[in-house]
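Participant: Please read through the structure below; I'll follow up with questions.
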Amino acid sequence: MEASKNLQTPLNFMKDDNVSQECKNLISSLPSEKDFMGKSLFSYQGSWYYPNTVQAILNFQKHFRPRDTDIILASFPKSGTTWLKALAFAVVHRNKYAAYTLDSHPLLSNNPHNLVRFLEIDLYDKNQLPDLEELPLPRLFATHMPFQTLNETLRDSPCKVVYVCRNIKDVLVSRWHFRSKVVSKELYSNNSLEDMFDEFIKGAYLFGPFQDQVLSYWKASLVNVNPVLFMTYEEMIEKPEAQVMRLADFLGYSFTEEEKQSGMVEKILELCSLSNLSNLVANKTGTSTCGIHHHAFFRKGGVGGWKDYLTHDMAKKLDEIVENKLQGSGLKFE
Ligand SMILES: Nc1ncnc2c1ncn2[C@@H]1O[C@H](COP(=O)(O)OS(=O)(=O)O)[C@@H](OP(=O)(O)O)[C@H]1O
């Protein structure tokens, strides 16, 4: 692939134009690789970022003050983030939007990414000191950072972290489709699946390596420092009622018997379903606060769609890098 110079991407967090001298000094000491467009990525605390994202993470690490009731939704991109944001928002704020009807719910008029904003590619990317005081309680945030980077800031806080992960093969295919929607053809015309596969094998791509991030949250979920709930997209697809109740229990917003009897769990699942969200005008139009068109967050969903795209050999190699990393951890992808 040809690496052209001076490429511009519309996404702020992929740029390198908002970096302090302190951050420049740090970056100059970090391992670096070129991404698919020939732009530089840097490895900070075990994950790869563009310079503006490193700056945003430094902002976050320096200035974020967690509250005990904060909830952080973490994920590797394309693992079910949008769904988890919608579900967590709907669960914790369910009493604010008419006890047993969800007709006037914010999720019907706003994209989940604007209701639960990313720390490093939105809030702290835009602002060194974002105003987080006005957010409704409990405050909900999201991140694609690995646990070790998040935890440096959360260390003494009892705030809760929910991690959702998904099979690497579906993640890769989802990311490939997503890239074709968000990176303009002028910047990158050859969006081949093989290029993305090579990135995953090599490990140097935004927020990668996938397997390192998954392992960081898995390990954190086994020890009781910051409570971490480890969820999988596949389990959410297979047993949505059980998983949303598990989420609610963990967050301290368990469904009452009365709510269960009245069908509240099913109503929330319907509200947050891919078919419902993706058909809303609010999600067919407009751009999220992190600069991505709302519609780009929705596609086909489901489990095993990778089979239509990846060869047997590709699938085997992807499984191998994940298995090698997770060996002995007790976590296994089917
Ligand atoms: N509500 C809901 N229910 C089930 N599945 C959903 C939902 N919303 C989005 N999706 C599917 O999730 C994939 C996008 O992943 P993320 O939301 O993690 O993307 S992002 O990281 O926030 O950019 C992407 O998966 P693929 O369809 O396989 O590409 C979306 O279609």
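The values are calculated or read from the model by the stated rules, or taken from the named source; none is laboratory data. All figures in this text were calculated on a predicted structure; none of them were measured in a lab. Quick reminder, even Gly has a Cβ in these numbers, built from the backbone with ideal geometry, and neighbours come from all protein chains shown. Accessible surface areas use protein heavy atoms only, side chains included; no ligands, DNA or RNA. Shrake-Rupley method; radii C 1.70, N 1.55, O 1.52, S 1.80 Å.
Participant: Restricting to DSSP H runs of at least four residues, report the calculated mean residue ellipticity at 222 nm for the chain, -39500 (n - 2.57) per run over all residues, nearest 500 deg cm²/dmol.
Facilitator: When only DSSP H runs of four or more count, the value is -12000 deg cm²/dmol.
Participant: Averaged over every viewing direction, what's the projected area of the C-alpha convex hull for region 286-334? Give it in nm², one decimal, please. Present the calculation step by step, with values, prior to reporting the outcome.
Facilitator: Working: hull surface 21.8 nm².
Averaged projected area of region 286-334's Cα convex hull equals 5.5 nm².
Participant: Oh, and also: Sort the following peptides by mean Cβ neighbour count (other Cβ atoms within 10 Å, averaged over residues), highest first: 183-193, 55-65. Display every interim value, and only then the final one.
Facilitator: Values: 183-193: 13.3, 55-65: 19.5.
Top of the packing list down: 55-65, 183-193.
Participant: In a Gaussian network model over the chain where Cα atoms closer than 10 Å are linked, find which of GLU235, GLU259, GLU33 has the largest mean-square fluctuation.
Facilitator: Looking only at GLU235, GLU259, GLU33, the biggest GNM fluctuation is shown by GLU259.
Participant: Also: Scale the Cα Rg of region 83-172 by the rule-of-thumb value 2.2 N^0.38 Å and send over the ratio, two decimals.
Facilitator: Values: Rg = 14.8 Å, N = 90, 2.2 N^0.38 = 12.2 Å.
Compactness ratio reported: 1.22.
Participant: So how long is each side of region 205-256 along the principal axes, counting just the alpha-carbon atoms, biggest first, in Å?
Facilitator: Taking the Cα atoms of region 205-256, the three principal extents are 42, 28, 17 Å.
Participant: With Cβ to Cβ distances under 13 Å as the rule, what net charge do the other residues near GLN61 carry (K, R +1; D, E -1)? Let's see the in-between values first.
Facilitator: On the way: positive: LYS62, ARG65, ARG155; negative: GLU22, GLU120, GLU152.
Spelling it out: positives minus negatives among the neighbours equals 0.
Participant: Counting only heavy atoms of protein chains, what accessible area per residue, in Å², does the chain have with a probe of 1.4 Å? Can you show the working numbers first?
Facilitator: Numbers: 14960 Å² over 334 residues.
With the other protein chains kept in place, the chain gives 45 Å² per residue.
Participant: Still on this structure, please answer the following. Sort 111-122, 34-45 by the packing proxy (mean of other Cβ within 10 Å over each peptide's residues), most packed first.
Facilitator: Working: 111-122: 24.2, 34-45: 18.0.
By packing density, highest mean first, the sequence is 111-122, 34-45.
Participant: Only sites in a loop by DSSP and with at most 15 other Cβ atoms within 10 Å count here; which trypsin sites (Lys or Arg not before Pro) in region 248-334 make the cut?
Facilitator: Working: sites: LYS260, LYS267, LYS284, ARG299, LYS300, LYS307, LYS316, LYS317, LYS325, LYS332; in loops: ARG299, LYS300, LYS332.
Of the trypsin sites (Lys or Arg not before Pro), the ones in loops of region 248-334 whose Cβ has at most 15 other Cβ atoms within 10 Å are LYS300, LYS332.
Participant: Give the separation of the Cα centroids, region 291-325 to region 21-64, in Å.
Facilitator: Using only Cα atoms to place each centre, the spacing works out to 26 Å.
Participant: Another question, if that's okay. Evaluate the Kirkwood expression for the hydrodynamic radius of region 150-298, namely the inverse of the mean inverse distance over all pairs of different C-alpha atoms, and round to one decimal in Å. Before the final figure, lay out each step's value.
Facilitator: On the way: mean 1/r = 0.0551 Å⁻¹.
Hydrodynamic radius (Kirkwood, Cα pairs) of region 150-298 is 18.1 Å.
Participant: Additional query: Give me the net charge for the shell around GLU234: Cβ to Cβ below 9 angstrom, other residues only, Lys and Arg +1, Asp and Glu -1. Don't jump to the answer; show the numbers that get you there.
Facilitator: Working: positive: ARG166; negative: ASP170, GLU235, GLU238, GLU334.
Charge balance in the 9 Å sphere: -3.
Participant: With every protein chain left in place and a probe of 1.4 Å, what is the accessible surface of GLU133, to the nearest 10 Å²?
Facilitator: 120
Participant: What is the angle, in °, between the Cα long axis of helix 240-251 and the longest principal axis of the Cα atoms in the chain? Nearest 10 is fine, range 0 to 90.
Facilitator: Its long axis makes an angle of about 90 degrees.
Participant: Probe radius 1.4 Å, ligands and nucleic acids left out: which of ILE237, ILE268 has the largest accessible area, and how do the rest follow? Before the final figure, lay out the partial values.
Facilitator: Numbers: ILE237 70, ILE268 0 Å².
Per-residue accessible area, sorted high to low, gives ILE237, ILE268.
Participant: Below 14 angstrom from the Cβ of CYS23, what's the summed charge of the other residues (Lys, Arg +1; Asp, Glu -1)?
Facilitator: Net of charged neighbours comes to -2.
Participant: Suppose a student asked you for the relative contact order of region 69-167, using Cα pairs under 8 Å spaced at least 6 residues apart; what percent would you report? Please report the intermediate quantities before stating the final value.
Facilitator: On the way: 107 pairs, mean separation 57.5, N = 99.
Contact order relative to length: 58 percent.
Participant: Please report, to two decimal places, log10 I(q)/I(0) for region 227-333 at q = 0.18, 0.23 Å⁻¹ as given by the Debye formula with identical point scatterers on the Cα atoms and no solvent.
Facilitator: The Debye formula, applied to the Cα set alone, gives -1.14, -1.20.
Participant: When the accessible area of region 197-334 is computed with all protein chains present and a 1.4 Å probe, what percentage of it is carbon and sulfur? Kindly include the intermediate steps, with their values, before the conclusion.
Facilitator: On the way: 3690 of 7060 Å².
In region 197-334, the share of accessible area belonging to carbon and sulfur is 52 percent.
Participant: Sequence gap at least 6, Cα distance under 8 Å: using those rules, report the relative contact order of the chain to the nearest whole percent.
Facilitator: Details: 491 pairs, mean separation 78.6, N = 334.
Reported as a whole number, the value is 24 percent.
Participant: Between LEU129 and LYS34, with labels modelled 7 Å along Cα→Cβ, what's the label distance in nm to one decimal, could you check?
Facilitator: So the two model labels end up 4.1 nm from each other.
Participant: For region 93-224, what is the relative contact order in percent, using Cα pairs closer than 8 Å and at least 6 residues apart in sequence? Display every interim value, and only then the final one.
Facilitator: Values: 54 pairs, mean separation 32.1, N = 132.
Contact order relative to length: 24 percent.
Participant: At a probe radius of 1.4 Å, what is the per-residue accessible area of TYR253, in Å² to the nearest 10?
Facilitator: The accessible area of TYR253 comes to roughly 70 Å².
Participant: Quick check: convex hull over the Cα atoms of the chain, volume per residue in Å³, rounded to an integer?
Facilitator: Numbers: hull volume 45.1 nm³, N = 334.
Per residue, the Cα convex hull of the chain comes to 135 Å³.
Participant: Let me ask something else about it. Please report how far the C-alpha centroid of region 204-267 lies from that of region 99-154, rounded to the nearest whole angstrom.
Facilitator: When both Cα centres are located, 17 Å separates them.
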